[in-house]
Every structure is written in C-alpha cells, then in structure tokens.
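This report refers to the structure that appears directly beneath it.
The values are calculated or read from the model by the stated rules, or taken from the named source; none is laboratory data. Remember, predicted model here, so these are calculated numbers, not experimental data. Here Cβ is always computed from backbone atoms with ideal geometry, including for glycine, and neighbour counts include all displayed protein chains. Surface accessibility is based on the protein's heavy atoms, side chains included, excluding ligands, DNA and RNA. Shrake-Rupley method; radii C 1.70, N 1.55, O 1.52, S 1.80 Å.
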Amino acid sequence: MAQLIQDRAAIVGIGQTAFGKGLPESELSLACQAISAAIDDAGLRPADVDGLAMFSMENGREVEIARNVGLGEITYFGEVGYGGGAGCGAVGHAAMAVVTGQCEVAVAWRARKRADKGSRPWANVAARLGGAPQWSRPFGLLRPVDEIALLARRYMHEYGATRDHLANVALAFRKHANRNPAATMYEKPLTRAQYMNARWISEPLCLFDNCLETDGALAVVITRASRARDLAQPPVLIHSFAQGFGRQHQVMTNYFCDDPLLGPGWACAKRLWANSEIGPRDISCAQLYDAFSPLVPLSLEAYGFCDRGEGGSFTDDGALEWPHGRLPTNTAGGGMSEAYVHGFNLVLEGVRQMRGTSTAQVERASSCLVTSGEGVPTSALVLRRD
Amino acid sequence: MTESGFLLPDLQDPESAPFWEATARGELCLQRCSGCGRLRMPPRPMCPHCRSTANEWPAVSGRGRIWSFAVVHPPLLPAYAEFAPYPVVVVELDEDPGLRLVGNLVATPEGPINGVDPATIHIGTPVRVVFARVGDVSLPRWMSAAAAD
Ligand SMILES: [Zn+2]
C-alpha cells in the first residue's frame with residue numbers, strides 16, 4: 001500500500017510582498033522578502049529551513065535565496081517546469097520531501113517581474129523558430145492569449161458556452177478583489193456592460209478575459225503535520241497533491257491531439273482525487289488558475305465539478321461568487337483581479353480560507369481545491385483544515 | 001505593408017526541414033511513419049504508435065475544414081501589428097481530422113493575412129492550401145475551397 005501525502009504535510013507559514021507594476025526591487029529581493037515573511041509567519045527561524053522547491057522559470061537560484069535569507073544547510077532542492085503549471089507542483093514537491101524525510105522544513109515560492117524579459121519567454125524574438133513555435137508563430141499566433149483564444153472559440157462552438165459565461169468568471173473574481181485590500185483591483189469595480197464593451201485582445205477574448213500583469217512575490221513554508229501543530233499558525237493540511245498532462249499534449253498550442261479540449265487538468269484530477277478521501281462535492285471553495293477566463297470552465301469540468309461541456313453554464317446564477325455561490329472561486333480575486341504571479345497567489349488564498357482569514361471567507365470552509373496552469377503541464381492541491 | 005519582420009522557421013531544423021522543403025516546391029507534405037503508416041503532425045523522431053524512427057514525407061491533399069479561429073488584435077510585434085486585426089485559423093485535414101495545422105486565411109494566394117473579413121469565417125468551412133513566399137520561406141496558407149476551386 002502506497003504511503004500517500006494525505007494530511008501528513010502542512011502549510012504553516014505564508015508571506016507575500018506588495019503587488020504592483022515596476023516595483024524597484026529585483027526578483028531575487030522580492031523572493032527573499034516573501035520567504036522571510038513566510039518563515040516569520042510560521043514562527044520559525046531561517047536556520048530551520050532545509051528544503052527548497054521552486055519554479056524552473058525562477059530567476060533567483062536556491063543558493064542565492066539561502067545566502068540572502070540565512071537559511072541552514074539545505075538537504076532537498078528541486079524545481080518544477082512549465083511556468084504557470086508549476087505552483088501547486090512546487091508545494092507538492094516540498095510536501096513529498098518533508099513526508100519522506102528528505103528535509104524538515106521546506107519553502108516554495110514564486111517571484112516575478114512582468115517587465116523582466118525573462119518573465120515572458122514568448123516575447124523573445126529569436127532569429128529563427130525551431131520546435132513547436134514554428135507551427136504557430138509564423139502565422140501571427142504570438143501570445144498565450146492567442147493560443148487560448150483558439151481553444152476558447154472551439155469550446156464555445158462545441159458546447160454553446162457564451163461571452164456571458166466568461167463575463168460571469170471575470171465579474172465574480174473582480175467582486176472578490178473589491179473586498180481584498182491587497183488586490184490590484186481592490187478599488188475598481190467591473191460591470192457586465194464594461195466587460196461587453198471592452199476592447200478585443202484576441203477574439204473571442206477581450207481585455208477582461210486576461211489576467212493582470214504584476215510584479216510581486218509569494219512564499220509558503222511546509223513541514224510535517226505532526227510538527228506543524230506546535231507552530232504559530234493553525235496548520236493547513238495538504239490532503240492531496242497531483243501533477244499531470246495528457247497523451248500527446250503540446251504546451252499551450254494543444255491542437256495536435258485527438259481531443260484538444262481535454263486539457264492537462266484531466267490527467268491531474270484523476271490522480272488528485274484517487275489520492276484524496278474527499279471528492280469535488282465535498283470542496284468548500286476553489287482557487288482555479290485563471291490566466292485567461294476560459295480556463296475556469298475548462299477546469300470546472302476537468303476537476304469534476306460538472307460534466308463535460310457544462311463548465312460555461314456552471315458559472316450562471318453567481319455560482320462562483322462569495323458568499324452564496326455553490327463554489328466560491330478565486331476568493332481573493334485570482335490572477336485576473338488580485339495579482340498574476342504565475343498562480344502562486346491562489347495557493348496563499350487557499351491557505352487563508354482554511355485558516356479563516358480570507359477577505360471573502362467562506363463560512364465553515366473545511367477544504368479548498370487549488371489548481372495551477374491549465375493549458376500547460378499542471379498541478380493541483382486539496383487543502384484541508386486540521 | 002511588409003511581411004519582412006514575420007517570425008519564420010529555422011529551415012535547418014532536421015525534424016521539420018522536409019516540411020519546409022515541400023512548401024518551397026508548392027506541396028503540403030506531412031511526416032508518415034514507415035512502420036505503421038500513420039501520418040503525424042507536428043513531425044518528431046519517433047512514432048508514438050509503433051516506436052519506429054523510420055519515416056517518409058508524402059504529399060497530402062491540402063484540403064480540410066476550419067476547426068477554430070481567433071481574431072488577433074494589438075499589442076503585437078510591429079510586423080504583425082501592421083495587419084491587425086487578422087484572423088488565425090486551425091485547419092483539420094481531410095486525411096484525418098486529428099491532423100491539424102495553424103495558419104492564415106487569405107482571399108487570394110498572395111493576399112495579405114487580413115484580407116478576409118472575420119465576420120465571414122465559420123468553423124467547418126472547407127478550405128484548400130495555397131502558398132505564399134515570405135523571405136526565404138514558403139508559408140502554407142488557406143483559402144475558402146469555394147473561392148479557390
Ligand atoms: Zn508507427
């Protein structure tokens with residue numbers, strides 16, 4: 001019988017910097033500040049940290065983090081690829097490391113400056129294209145939003161999803177951000193008319209179907225659940241963790257397989273729920289990766305909240321909205337209205353919901369699903385209250 | 001208008017060179033496994049069905065249907081911004097609807113990538129391949145089969 005993570009690891013500290021555009025600090029400095037705050041939040045000392053799990057795309061390396069924050073001897077370090085797909089993966093790798101005794105206390109984080117060229121690999125104008133990009137970029141399919149727009153149009157055509165469904169997503173997350181003083185869109189309400197009249201970016205997607213562009217950093221501290229119970233904060237248990245991508249998957253331009261609308265979340269969800277004692281019906285709230293609004297209905301289907309093709313209509317009647325919706329989602333505003341830090345802010349909001357400290361706190365919330373980038377090799381977590 | 005700033009493939013890429021050599025001849029050729037005979041796109045060294053590394057590059061019909069499309073608006077790289085908004089299509093080929101290519105829809109073989117009114121584009125419309133020279137590359141593009149035939 002396999003030893004599952006199932007509640008044997010816990011998130012015990014969270015930390016973040018302010019979100020903004022053009023922050024003066026380097027990505028390394030932002031990372032160190034967020035990690036430092038998360039260690040303080042846990043009631044631990046930097047010397048207690050002996051594990052590091054990060055995004056492959058991170059600019060600050062492990063040794064630099066350790067030298068700056070004054071960490072102890074490091075006995076586990078690892079990284080997860082594929083940009084926005086990596087967030088829950090980094091947390092999950094840290095959880096695996098503490099549960100298997102490779103380290104005692106691990107940190108996972110993401111620091112990002114959108115102005116930094118390295119943060120936007122697709123903006124890199126190489127002389128000539130090799131590999132996958134040669135099959136799409138020459139034709140002017142240049143940005144991630146264009147790549148997702150093609151899937152969104154097909155999804156709307158096959159299942160009758162509409163712009164109103166996508167607006168449901170954007171408006172719900174904006175309402176939540178309007179309650180969250182840390183959110184970029186805290187003081188900026190959004191109406192359905194504003195959504196419908198917004199300029200196109202890549203039809204059928206408009207400005208408000210896109211995530212924000214944010215500088216900032218966030219970090220979490222993970223240790224064994226048994227140790228977590230002696231620390232400063234109520235432990236948030238990592239109940240289940242999975243990564244995944246499907247057969248014949250191609251990153252972002254996933255048009256070259258039998259069923260392009262079956263995204264990586266489907267493979268990830270299978271493992272996630274197989275390793276979980278609870279299922280989608282038991283989930284109190286969700287933090288779903290939302291670089292683009294259509295990823296939300298696609299994720300609702302992949303993670304089993306509704307049948308295939310019903311992700312659009314699931315969003316009707318305020319289903320994603322706090323406090324009365326059947327699945328309050330992205331309760332801090334998500335990537336579209338809080339901050340876009342490659343989805344890592346979704347992990348921290350999941351922790352706040354389990355601690356009872358969200359600015360859109362779901363009453364008696366006992367479990368939360370957090371997902372990372374749909375459209376790229378992905379990852380997900382089921383978090384639980386202790 | 002100029003297409004000189006377009007992003008173009010590396011013609012030295014060994015996996016894809018036969019594709020671009022074929023477009024230069026005015027042919028749409030896809031990689032086919034010599035082991036099991038299945039066509040595959042994009043090209044790659046090993047067949048996922050039979051693991052053969054032997055392959056050939058037969059010409060295909062160049063006919064298909066629009067599987068999806070997007071209409072791309074700025075902000076964009078300058079060379080593409082000149083043509084915005086322009087549609088980008090995914091075409092599924094008649095040989096096998098699982099074989100798809102991304103491309104542009106044009107009104108005439110050498111016409112600009114913004115030459116078709118997006119309001120007239122529909123999923124399912126039959127299309128036919130044409131070729132347009134951009135720099136040293138011949139790019140496959142698509143015309144409505146009704147207009148092209
Ligand atoms: Zn074969």
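One table, with the values for the structure above:
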{"read-out": "Scan of region B:18-32 for residues that are within 16 Å of the ligand (Cβ to nearest atom) and farther than 20 Å from A:GLY131 by Cβ, ordered by number", "value": "B:ARG32"}
{"read-out": "Residue under evaluation B:ARG44, criteria (1) in the same structural domain as B:CYS29 (by TED's automatic domain parsing); (2) crowded, with 21+ Cβ neighbours inside 10 Å, criterion not met", "value": "(2)"}
{"read-out": "Residue within region B:76-95 that is within 16 Å of the ligand (Cβ to nearest atom) and either at negative phi or open to solvent by less than 30 Å² (accessible area, probe 1.4 Å) (or both) present", "value": "yes"}
{"read-out": "A:ALA365 vs. criteria in a loop (DSSP other than H, G, I, E, B) and touching a Lys or Arg at 6+ places or on another chain (Cβ under 8 Å)", "value": "yes"}
{"read-out": "Qualifying residue in region A:366-375 (condition: open to solvent by 20 Å² or more (accessible area, probe 1.4 Å) and over 27 Å from A:ARG163 (Cα atoms))", "value": "yes"}
{"read-out": "Among residues of region B:1-22, those that are crowded, with 20+ Cβ neighbours inside 10 Å and away from chain A (no Cβ under 11 Å), counted", "value": "1"}
{"read-out": "B:VAL102 within 11 Å of chain A (Cβ to nearest Cβ) and out of contact with any Lys or Arg (no Cβ under 7 Å at 6 or more places or on another chain)", "value": "yes"}
{"read-out": "Among (1) under 18 Å from A:ALA177 (Cβ atoms); (2) crowded, with 18+ Cβ neighbours inside 10 Å; (3) away from chain B (no Cβ under 14 Å), the one test that A:LYS188 misses", "value": "(2)"}
{"read-out": "Some residue of region A:35-51 being over 25 Å from A:ALA182 (Cβ atoms), under 22 Å from the mean Cα position of the chain (by Cα), buried (at least 19 other Cβ atoms within 10 Å of the Cβ) and not aromatic (Phe, Trp, Tyr)", "value": "yes"}
{"read-out": "Tally of residues being within 16 Å of the ligand (Cβ to nearest atom) and small (Gly, Ala, Ser) across region B:43-75", "value": "2"}
{"read-out": "Residue match in region A:157-172 (condition: surrounded by fewer than 24 Cβ atoms within 10 Å (Cβ to Cβ), within 8 Å of chain B (Cβ to nearest Cβ) and not β-branched (Val, Ile, Thr))", "value": "yes"}
{"read-out": "Single match in B:GLY98, B:GLY115, B:GLY124, B:GLY135 (criterion: within 16 Å of the ligand (Cβ to nearest atom) and surrounded by fewer than 19 Cβ atoms within 10 Å (Cβ to Cβ))", "value": "B:GLY98"}
{"read-out": "Residue within region B:34-42 that is within 16 Å of the ligand (Cβ to nearest atom), in contact with a helix residue (DSSP H, G or I) (Cβ under 6 Å, 6 or more places away or on another chain), touching a residue at least 12 places away in the same chain (Cβ under 8 Å) and within 19 Å of A:TRP135 (Cβ to Cβ) present", "value": "yes"}
{"read-out": "Failed criterion for A:ALA198 (all others in (1) closer than 30 Å to B:VAL91 by Cβ; (2) more than 7 Å from chain B (Cβ to nearest Cβ); (3) crowded, with 21+ Cβ neighbours inside 10 Å hold)", "value": "(3)"}
{"read-out": "From B:THR108, B:THR53, residue being away from chain A (no Cβ under 14 Å), under 30 Å from A:HIS157 (Cα atoms) and at pLDDT 95 or above", "value": "B:THR108"}
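Per-residue answers, yes or no, for (1) in contact with a Leu (Cβ under 6 Å, 6 or more places away or on another chain); (2) within 14 Å of another protein chain (Cβ to nearest Cβ):
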{"position": "A:ARG174", "(1), (2)": "yes, no"}
{"position": "A:VAL220", "(1), (2)": "no, no"}
{"position": "A:PHE241", "(1), (2)": "yes, no"}
{"position": "A:CYS257", "(1), (2)": "no, yes"}
{"position": "A:TRP273", "(1), (2)": "no, no"}
